[in-house]
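Student: The structure is given below, and queries will be raised subsequently.
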């Protein structure tokens, strides 16, 4: 019996308190490493599954790739979200047998348009602010299986688009650094876009707070703090070598573009972006606090289709605890 199953087995009438032991750390490990005292105080009913959760109705609009959608409330906006944008949304995600996989509940969340899965980006791109729409997303356009979270197959998403958060523009010089970029001996290239107001450079013992976006050379944005609606804070020494080196060149208030060769980035690791990576980084502040072990964040992986609550760790659709600071492995 797992932790969730145990919680479901606790009776409200008794407000029972029981000790739960569960192998959350992996097969064959000591149960004592994961023991909880659980008191169930309240059982809040969740939303009701849509009547058409199993399949798109006849009046849904079906795309050639298999995505189906239906507007349930017309929006008031005029523009559609673009691939680099983020969106503020309320949502619920359902399996086709009516199981609730994830929801934003009564608190809207900021989510990237791109980077999760094709069906989400395509469906969100059809919407305008104020619109409510149901998406029927086939497995081929949906969440991909990962070791820690198998694919749920076809999913149905009810989503309300509350606002569009404009994302960064894709740089035009992704293929190679321009002539006015500064190139270091190890191949790192940087260009100052906005001069800073600070006078102190961060060191490897500092934390930094930044806004950033990252692209591969084919123009695909693979991560962005703008898409999460807030800056990222992490330790200078806890990132890939190209970031550690570049951050120490900067001062607060500065915005700089980085061209990081693969040898200073993911080094060809299969789970990371490949080849040279291009970042735009704005250094907001420097802190003397010890580096926090939250960078990397793992990007889009994890257990929740849409991310989960703040602090819950990497989620399937990132954000709010799902999408932690950028997916860069420590060197």
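Student: For segment 137-154, what are the residues that are touching a strand residue (DSSP E or B) at 6+ places or on another chain (Cβ under 9 Å) and either loosely packed, with under 14 Cβ neighbours inside 10 Å or under 13 Å from residue 121 (Cα atoms) (or both)?
Tutor: Listed by number, the residues that qualify are 137, 142, 143.
Student: Output the qualifying pairs, or none if there are none: Cβ atoms under 8 angstrom, residues six or more apart or on different chains, first residue in segment 95-112 and within 11 Å of residue 50 (Cα to Cα), second residue surrounded by fewer than 16 Cβ atoms within 10 Å (Cβ to Cβ).
Tutor: Listed pairs, sorted by first residue: 95/153; 96/54; 96/55; 96/153; 97/54; 98/54; 100/46; 100/47.
Student: Suppose we filter segment 256-272 for residues that are surrounded by fewer than 16 Cβ atoms within 10 Å (Cβ to Cβ) and touching a helix residue (DSSP H, G or I) at 6+ places or on another chain (Cβ under 7 Å); how many remain?
Tutor: Residues meeting the conditions: 1.
Student: Identify, from the list 187, 167, the residue that is assigned to a loop (DSSP other than H, G, I, E, B), at pLDDT 95 or above, closer than 30 Å to residue 267 by Cβ and touching a helix residue (DSSP H, G or I) at 6+ places or on another chain (Cβ under 9 Å).
Tutor: 187
Student: For segment 57-83, what are the residues that are outside any strand (DSSP E or B) and buried (at least 20 other Cβ atoms within 10 Å of the Cβ)?
Tutor: If the condition is that a residue be outside any strand (DSSP E or B) and buried (at least 20 other Cβ atoms within 10 Å of the Cβ), then 67, 81 are the ones that fit.
Student: Shifting gears a bit: Could you list, in sequence order, the residues of segment 98-127 that are surrounded by fewer than 21 Cβ atoms within 10 Å (Cβ to Cβ) and closer than 17 Å to residue 68 by Cα?
Tutor: 118, 121, 122, 125, 126
Student: Turning to a different aspect of this structure: It is to be established whether one or more residues within segment 204-225 are surrounded by 14 or more Cβ atoms within 10 Å (Cβ to Cβ), over 20 Å from residue 171 (Cα atoms) and either free of Cβ contacts under 8 Å to residues at least 60 places away in the same chain or in the same structural domain as residue 113 (by TED's automatic domain parsing) (or both).
Tutor: no
Student: Hey, could you check segment 275-300 for residues that are in a loop (DSSP other than H, G, I, E, B), surrounded by fewer than 21 Cβ atoms within 10 Å (Cβ to Cβ) and touching a strand residue (DSSP E or B) at 6+ places or on another chain (Cβ under 7 Å) and say which is modelled with the lowest pLDDT?
Tutor: Ranking the qualifying residues of segment 275-300, first place goes to 294.
The values are calculated or read from the model by the stated rules, or taken from the named source; none is laboratory data. Every value quoted in this text rests on a predicted model; they were computed, and no experiment measured them. Cβ coordinates were reconstructed from backbone atoms using ideal geometry, including for glycine residues, and neighbour counts include every protein chain displayed.
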